[in-house]
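S.K.: Here it is, the structure, as structure tokens.
The values are calculated or read from the model by the stated rules, or taken from the named source; none is laboratory data. It should be emphasised that the depicted structure is a prediction, and the values quoted were computed from it without experimental measurement. Glycine also receives a Cβ, built like all others from the backbone with ideal geometry; neighbour counts cover every protein chain displayed.
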Ligand SMILES: Cc1cc2nc3c(=O)[nH]c(=O)nc-3n(C[C@H](O)[C@H](O)[C@H](O)COP(=O)(O)OP(=O)(O)OC[C@H]3O[C@@H](n4cnc5c(N)ncnc54)[C@H](O)[C@@H]3O)c2cc1C
Ligand SMILES: Nc1ncnc2c1ncn2[C@@H]1O[C@H](COP(=O)(O)O)[C@@H](O)[C@H]1O
């Protein structure tokens with residue numbers, strides 16, 4: 001089974017966000033970058049599929065040179081190969097999806113796994129875009145995946161419940177928390193990753209359709225009032241919610 | 001100029017977000033002097049679609065096929081994109097729900113359109129729409145502009161208020177569309193819905209419990225308060241990881257991002273990943289026994305004390321208040 005996993009290179013979720021001088025992006029000083037949380041889950045699922053069915057897992061990432069770190073981590077977790085689609089611009093989802101889809105078309109895997117959302121831009125768009133560009137089916141926000149003989153059964157999370165979806169290979173799956181618990185790279189894996197290839201390519205990057213005009217921190221909430229420190233404060237709290245906030 | 005508003009239904013019932021999307025489209029259309037065309041896709045949905053007129057749709061279209069009774073990413077995306085082309089809509093609105101997030105990106109590709117996902121505000125600037133959308137789990141907000149001829153926006157549920165429909169209902173035009181089997185290459189074969197349970201992403205009031213509740217058995221106090229308020233139960237990651245609550249309830253960076261009118265955080269410390277998911281709530285109440293817990297820094301109102309005493313007291317007081325009215 002040929003499997004592609006798309007990984008994005010993002011700030012750690014504990015990052016305190018500061019806006020950069022351009023007013024359109026975050027200040028990267030001192031920020032620790034990681035493989036996006038859901039991409040780790042996608043990669044784990046890919047590794048399990050390979051363990052079960054044999055084959056090859058290729059991790060691919062599109063972006064600046066720093067993305068190679070994330071590819072290296074993917075190799076350490078167990079991916080067989082990595083493909084780095086080098087782009088020094090800041091492409092939008094459409095352009096990233098196009099670059100990924102072009103590579104995937106050429107490599108023609110049986111399944112593509114991505115994260116349900118990249119924890120930086122929170123677009124939740126790439127997976128379904130790539131599928132549409134390839135003319136493939138897809139299931140997004142997947143918490144359970146079963147594949148047998150080309151038939152795919154996946155459970156996806158929806159508001160207040162789950163949908164069971166049937167489709168077929170080749171397809172794109174976007175991974176949600178709950179699908180699996182990603183492994184930690186072993187020392188052996190980390191050592192082995194050093195010798196695994198990262199193939200560099202230059203994708204055709206189409207112009208972005210979405211322009212970021214500005215980025216701001218949300219207006220900081222000022223700490224409110226402590227209504228009290230025991231049960232006697234409850235009537236006042238409820239009065240405030242009813243009369244001042246008017247939310248109940 | 002036309003705005004196509006995709007109005008979501010499930011089980012032949014329009015979702016609240018359907019009205020939000022149509023109303024938001026109306027607001028934008030008034031400024032752009034545009035027309036709002038609402039679209040409902042499903043099995044036999046024309047009977048429920050007319051109500052969208054009351055929220056400002058100039059015309060209401062229905063695409064029907066027995067196979068559309070359950071959601072299919074491929075078929076729904078086709079329906080929306082085909083109608084957008086037929087109507088020459090320059091703007092497409094969807095809601096950023098499980099369905100809208102799934103088919104929206106496909107619609108964008110089919111229309112060669114840029115997409116702004118999960119918008120929390122829309123502003124008209126001349127002939128352009130400037131959309132605000134949170135990034136980094138809400139730790140920052142970007143303003144974006146789409147440059148492609150066709151533009152797709154998905155709107156975060158619960159942020160754009162629909163109010164009540166005040167116009168007259170619209171007559172519904174059924175639009176014939178042909179679907180092949182290949183269009184249903186993904187099909188939903190089963191839906192499991194927790195009965196009568198409100199999802200945190202859609203709720204207007206959320207009561208969230210954290211690890212300080214000590215065990216799953218103590219979540220009854222959270223459920224009761226959520227119950228009297230007509231809200232949903234939320235959970236911190238610590239309690240989801242401990243297996244006390246399902247992941248669907250998790251609020252935060254790796255859970256759901258929510259913006260209810262009222263968010264009550266009980267025995268939640270307020271870790272940065274939790275705050276990321278809820279700090280855009282309109283009003284935040286914190287109940288925590290530690291007066292230095294970071295959650296108090298974002299709370300509008302706080303009570304320092306034992307959740308096991310405070311929460312049942314709030315439930316009683318709310319019941320009393322409601323009894324009075
Ligand atoms: C990559 C990553 C992603 C994450 N994503 C999320 C996410 O999506 N959502 C999320 O919530 N977290 C997330 N976290 C975890 C986060 O860092 C915290 O660990 C978590 O939010 C803590 O949950 P908590 O507040 O319930 O527990 P704790 O931090 O243990 O807080 C418990 C609180 O209860 C109070 N308390 C104790 N007893 C009582 C009592 N009797 N009455 C009142 N108060 C009491 C304590 O004072 C304390 O403040 C993430 C972490 C990482 C690394
Ligand atoms: N630059 C990128 N390179 C490779 N994969 C990416 C990139 N950006 C996003 N992805 C993948 O697409 C998923 C969804 O991202 P997004 O649509 O940006 O939220 C991520 O979880 C990744 O799996």
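S.K.: Give A:146, A:110, A:159 a once-over and let me know the one that is at the interface with another protein chain (Cβ under 10 Å from one of its Cβ atoms) and away from ligand 1 (no atom under 16 Å from the Cβ).
M.R.: So the residue among A:146, A:110, A:159 that is at the interface with another protein chain (Cβ under 10 Å from one of its Cβ atoms) and away from ligand 1 (no atom under 16 Å from the Cβ) is A:159.
S.K.: Report whether or not residue B:201 is more than 22 Å from residue A:12 (Cα to Cα), away from ligand 2 (no atom under 16 Å from the Cβ), in contact with a strand residue (DSSP E or B) (Cβ under 9 Å, 6 or more places away or on another chain) and in a strand (DSSP E or B).
M.R.: No: the conditions fail for residue B:201.
S.K.: Can you tell me how many residues within the stretch B:178-218 are more than 12 Å from chain A (Cβ to nearest Cβ) and surrounded by 19 or more Cβ atoms within 10 Å (Cβ to Cβ)?
M.R.: 5
S.K.: On to the next question. Testing residue B:221 on (1) within 22 Å of residue A:244 (Cβ to Cβ); (2) more than 9 Å from chain A (Cβ to nearest Cβ); (3) within 12 Å of ligand 1 (Cβ to nearest atom), one condition comes back false. Which one is that?
M.R.: Status for residue B:221: all satisfied but (1).
S.K.: Does the stretch A:1-32 hold any residues that are more than 16 Å from residue A:147 (Cβ to Cβ) and surrounded by 18 or more Cβ atoms within 10 Å (Cβ to Cβ), and which are they?
M.R.: Correct list: A:6, A:7, A:8, A:9, A:10, A:11, A:13, A:15, A:17, A:26.
S.K.: Could I ask something else about it? Would you mind stating whether residue A:88 is at pLDDT 95 or above, surrounded by fewer than 24 Cβ atoms within 10 Å (Cβ to Cβ) and either outside any loop (DSSP other than H, G, I, E, B) or more than 7 Å from ligand 2 (Cβ to nearest atom) (or both)?
M.R.: So residue A:88 fails the test.
S.K.: May I pose another question? Do you know which residues across the stretch B:240-295 are within 16 Å of ligand 2 (Cβ to nearest atom) and in contact (Cβ under 8 Å) with a residue 60 or more places away in the chain?
M.R.: Passing the criteria: B:253, B:257, B:276, B:277.
S.K.: Identify the single condition in (1) closer than 22 Å to residue B:257 by Cα; (2) more than 16 Å from ligand 1 (Cβ to nearest atom); (3) surrounded by 19 or more Cβ atoms within 10 Å (Cβ to Cβ) that residue B:135 does not satisfy, given that it satisfies every other one.
M.R.: Of everything listed in (1) closer than 22 Å to residue B:257 by Cα; (2) more than 16 Å from ligand 1 (Cβ to nearest atom); (3) surrounded by 19 or more Cβ atoms within 10 Å (Cβ to Cβ), residue B:135 misses just condition (2).
S.K.: Can you find a residue in the stretch A:44-58 that is within 16 Å of ligand 1 (Cβ to nearest atom), part of a helix (DSSP H, G or I) and either within 14 Å of another protein chain (Cβ to nearest Cβ) or in contact with a helix residue (DSSP H, G or I) (Cβ under 6 Å, 6 or more places away or on another chain) (or both)?
M.R.: no
S.K.: Would you please name the residue that is farthest from ligand 2 (Cβ to nearest atom), looking only at residues in the stretch A:55-67 that are farther than 16 Å from residue A:43 by Cα and more than 16 Å from the chain's Cα centre (by Cα)?
M.R.: Only one residue tops the list, namely A:65.
S.K.: Give me the pairs, please: first residue somewhere in the stretch B:154-182 and at positive phi, second residue anywhere and assigned to a loop (DSSP other than H, G, I, E, B), beta-carbon distance under 6 Å, and either six or more positions apart or on two chains.
M.R.: The qualifying pairs are B:158/B:259.
S.K.: May I pose another question? How about the stretch B:1-119: which helices (runs of 4 or more DSSP H) wholly inside it have at least 3 residues that are free of Cβ contacts under 8 Å to residues at least 24 places away in the same chain and crowded, with 19+ Cβ neighbours inside 10 Å?
M.R.: B:98-110
S.K.: Checking residue B:243 against (1) within 9 Å of chain A (Cβ to nearest Cβ); (2) more than 10 Å from ligand 1 (Cβ to nearest atom); (3) out of contact with any strand residue (DSSP E or B) (no Cβ under 9 Å at 6 or more places or on another chain), which test does it fail?
M.R.: Only one criterion in (1) within 9 Å of chain A (Cβ to nearest Cβ); (2) more than 10 Å from ligand 1 (Cβ to nearest atom); (3) out of contact with any strand residue (DSSP E or B) (no Cβ under 9 Å at 6 or more places or on another chain) is unmet by residue B:243, namely (1).
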